[in-house]
Ligand SMILES: Nc1ncnc2c1ncn2[C@@H]1O[C@H](COP(=O)(O)OP(=O)(O)OP(=O)(O)O)[C@@H](O)[C@H]1O
Ligand SMILES: [Mg+2]
């Protein structure tokens, strides 16, 4: 008897355009975001690159409602984004830490949003979970494992599958290659690119991984100290003369 592998269901969506105007954010101390302006086109694969601590994660959290701006605004699909409008958009975020629940199996993690909100029947959720696992190149048998039993690369894939379960129109990735070896990082980067092309979802990746940024981006914004210093194609950024960008791109380990 032959078994038919679950066929990946790319679930084509209409990607949402995003516009950021004069975005400022401060907590108790100095401003973390100091006036960001950015437009991301529907379906674009946009990378926000910059050094550690420059405010990338804080920025990203504004696009999913986990932070509110001190000043400025976020528009999604032309509408001001806030508590009252958030439910109109299908948004998903793959967190820097993965954010999987260790007490649940992989399948339960991936299907959690649908089961918690009782959006689908259990059989349907199981089918969708199998689809999403296949989409991120995971064997269906992984569904019954617990996150702690998986490698770092597999956990990232599960986190991506979980984000895809709602068929989001905007997907946010926070450091998708952190803590991965270079080969696995390369594969995850390729998969993010392929998912963007297959689904049509607007995709925003924030990272300090130069190889990832240059490997997958349609456009890159370079951020430092809470500001965007340049926006352009990977070629534009590679040849940008700004000293902070030059230093970031040239930084390499050399023994003293
Ligand atoms: N909830 C918070 N309260 C106070 N300060 C915060 C909060 N969240 C972030 N920050 C500060 O904002 C700054 C930017 O942090 P952020 O996590 O956005 O950096 P990042 O660019 O994502 O860095 P990395 O590349 O290391 O992930 C840091 O100085 C951080 O301490
Ligand atoms: Mg971060």
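For the reader, a short list of remarks on this structure follows.
- Helical runs (DSSP H, four residues minimum) scored at -39500 (n - 2.57) apiece and divided by the length of the chain put the mean residue ellipticity at 222 nm at -9500 deg cm²/dmol.
- Each residue in 26, 97 was given a count of other beta-carbon atoms within 10 angstrom of its own, and listing them fewest first yields 97, 26.
- Linear extension gain, residue 186 paired with residue 126, 0.36 nm per residue minus alpha-carbon span: 18.7 nm
- For region 134-256, the relative contact order works out to 17 percent when only alpha carbon pairs closer than 8 Å and six or more residues apart are counted.
- At R0 = 25 Å, FRET efficiency that the Cβ-Cβ distance of residue 71 and residue 233 yields, to 0.05: 0.25
- Computed lengthening from residue 194 to residue 118, 0.36 nm per intervening residue step minus Cα-Cα distance: 24.4 nm
- Between residue 26 and residue 251, the FRET efficiency from the beta-carbon distance, with R0 = 30 Å, is close to 0.60.
- Estimated FRET transfer efficiency when R0 is 30 angstrom, pair residue 103-residue 137 (beta carbons, to 0.05): 0.75
- Averaging the sequence gap over all C-alpha pairs within less than 8 Å and six or more residues apart, then dividing by the number of residues, gives region 100-166 a relative contact order of 48 percent.
- In terms of surrounding Cβ atoms within a 10 Å radius of their Cβ, 121, 254, 156, 56 rank from fewest to most as 254, 121, 56, 156.
- Degrees separating the helix 182-199 axis from the principal Cα axis of the chain, which is the longest one: 80
None of the figures in this text is laboratory data; all of them are computed from the coordinates on show. A quick note: this is a predicted structure, and the numbers were derived from the prediction, not measured. Cβ sites come from the backbone with ideal geometry, for glycine too, and all protein chains shown count toward neighbours.
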